[in-house]
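Step one of this worksheet: look at the structure below.
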Amino acid sequence: MNPFFLTPHTPAQYFCDREKETEDLVNYLENGSNVALISPRRYGKTGLIYHVFDVLQAKKAKVELYYVDIYSSRNADDFIALLAEAISRTLKKESAIKNFFKALGSLRPVLSQDPLSGNPQISFTFQTDAERRYSLKALLDYLDSRPQKVILAIDEFQQVREYEGVSMEALLRTYIQPLKNVQFIFSGSKKHMIAEMFTAEHSPFYESASVYSIDKINRQSYAEFIDRQFKEQKKSISAEAIDYILEWTRCHTYYTQMLCNRVFQLVKKEATMVDVLVAADTILREYTDTFLERRNYLTVKQWDFLIAVAKEDTVTEPTSSAFLQKYHLGAPSTATRLMNSLLEKELLLETKTLAGSSYCVYNVFFSRWLEGM
Ligand SMILES: Nc1ncnc2c1ncn2[C@@H]1O[C@H](COP(=O)(O)OP(=O)(O)O)[C@@H](O)[C@H]1O
Ligand SMILES: [Mg+2]
């Protein structure tokens, strides 16, 4: 079997490192703290949440664990439906779900089954905003009434800021504050936004969670992990090949997993540099149409700017004349505007350190593909 998982819920033996992060999160939760988990996309927040849940379960902690991903939600109604579905999914047993529905009483939710996944699907019909608010409160109160402590992870939490109409943030805050039995993990990829939600004094969630950022997995532990996974499946990989993988994917978890997964699939026994190059090339070719498509949504200048950043791999001074002249990108003011629009579109990723900011193309495969232009 292929030990390099591409789905967030990864069994412990195929889960790389994150030992300190896991320990820290378990610690926060066991000590009654809410956590706001932050990192760029595809570093491994969702994977870490599931891993922490597995650890808590293995410890036989007396907790019930709920997970809801609100990335697809566009408004309060979606949020409410997703939360109700997440609760039903965790309750599993029909009798428990019946009781849950009883608690929702007058809200008359309609339960059906997703034809593909078999997961519960729930829909509500609200006549008024008051009904909508009442139902949100009822769901949270239901969790508060569970016999065991509850941890609710709300993934892609920044999405609530996109809802039109009601301030979901303020509403949630109002209903969450009085709860005694529920703790939260709020997780999100838009670093500035999530940080602002929990650290700006004017935000409803100000200081209501410990803000915890995760970085890339340490390169050395990733290298050891890759070597071990090959060996455990009776294959092997050269040190040089591992090094190349981590360099080429910048240790960005999803991309590293993906390339490892392909290399593993490709080789019968021993993986060498050549196999890595073939696998990387195959991946880029598969994405060609998708990447070309992106060009339609960008101006020529934005596109050229992306190529320039990709060719540099990482840029620390994107408005310096050296960089702008080398790639014929125009004046510094233009560059600033281009950069901001590309950051906004999440095509560029900004990494801040004490030494200052650096920029690279967010999607690593896209970056490697642009580099070859
Ligand atoms: N510690 C890990 N070990 C192995 N694979 C991981 C690990 N963390 C994440 N992954 C893989 O990387 C992918 C991206 O991680 P994910 O948790 O979805 O990132 P995020 O939620 O930050 O966007 C996951 O689908 C999973 O396959
Ligand atoms: Mg995620």
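Every read-out reported here was derived from the displayed coordinates using simple, explicitly stated rules and does not represent laboratory data. All figures in this text were calculated on a predicted structure; none of them were measured in a lab. We place every Cβ from the backbone using ideal geometry, glycine too, and count neighbours over all the protein chains shown.
Residues of segment 332-365 with an amide N closer than 17 Å to a point placed 7 Å from the Cα of Met273 along the Cα-to-Cβ direction: none. Scaling the Cα radius of gyration of the chain by the globular reference 2.2 N^0.38 Å produces a ratio of 1.10.
Among the GluC sites (Glu not before Pro) found in segment 295-366, those both in a DSSP coil and sparsely packed, with 14 or fewer other Cβ atoms within 10 Å of their Cβ, are Glu346. For the chain, the longest principal axis of the Cα atoms and the long axis of helix 273-295 meet at an angle of about 70 degrees. Straight-line reach from Lys93: taking Cα to Cα under 12 Å and skipping same-chain neighbours fewer than 8 places apart, no aspartates and glutamates fall in range. Inter-label distance, Ser145 to Ser358: 5.4 nm, where each label sits 7 Å from its Cα along the C-beta direction.
With respect to the chain, whose longest principal axis is taken over its alpha-carbon atoms, helix 19-30 is tilted by about 20°. Computed from Cα positions, the angle between helix 239-248 and the longest principal axis of the chain comes to roughly 70 degrees. Lysine pair count for segment 227-373 with Cα-Cα distance under 29 Å and sequence separation of 8 or more or different chains is 15.
Between Ser341 and Val211, the simple spin-label model (points 7 angstrom out along Cα→Cβ) gives 3.0 nm. Calculated FRET efficiency, Ala170 and Lys231, Cβ-Cβ r, R0 56 Å, to nearest 0.05? My answer for the efficiency is 0.60.
With a Cα-only, solvent-free Debye model of segment 297-371, what are the log10 I(q)/I(0) values at q = 0.13, 0.25 Å⁻¹? Log10 I(q)/I(0), no solvent term: -0.32, -1.27. How much of the DSSP beta bridge set in the chain is antiparallel, as a percent to the nearest 5? The antiparallel fraction comes to roughly 30 percent. Grouping the Cα pair distances of segment 219-287 into 10 Å bins from zero gives a pair-distance distribution of 22, 62, 16, 0 percent in increasing distance order. Simple rule: put +1 on each Lys or Arg Cβ and -1 on each Asp or Glu Cβ in segment 18-213, find the dipole, and look at Ser203, Gln159, His51; the Cα lying farthest toward the positive end is His51. Qualifying GluC sites (Glu not before Pro) in segment 172-244, where qualification requires a DSSP coil assignment and no more than 13 other C-beta atoms within 10 Å, comprise Glu201, Glu207.
Here the contact order of segment 219-287, divided by its residue count and restricted to Cα pairs under 8 Å and six or more residues apart, works out to 33 percent. With neighbour counts taken as other beta-carbon atoms within 10 Å, the residues Leu277, Leu139, Leu6 rank, fewest first, as Leu6, Leu277, Leu139. Each of Val35, Val68 was scored by other Cβ atoms within 10 Å of its Cβ. Arranged with the fewest first, they read Val68, Val35.
Run the Debye formula on the Cα coordinates of segment 243-373, all scatterers equal and no solvent, and tell me log10 I(q)/I(0) at q = 0.16, 0.19, 0.20 1/Å. Rounded to two decimals, the profile gives -0.83, -1.07, -1.14. Restricting to DSSP loop positions (anything but H, G, I, E, B) with no more than 10 other Cβ atoms inside 10 Å of their own Cβ, which trypsin sites (Lys or Arg not before Pro) remain in segment 10-101? Within segment 10-101, the qualifying trypsin sites (Lys or Arg not before Pro) (loop, at most 10 other Cβ atoms within 10 Å) are Lys60, Lys62, Lys92, Lys93. Remark: segment 18-213 projects, on average over all directions, an area of 11.1 nm² (convex hull of Cα atoms). Residues Met373, Met273, ranked from the fewest to the most other C-beta atoms within 10 Å, line up as Met373, Met273.
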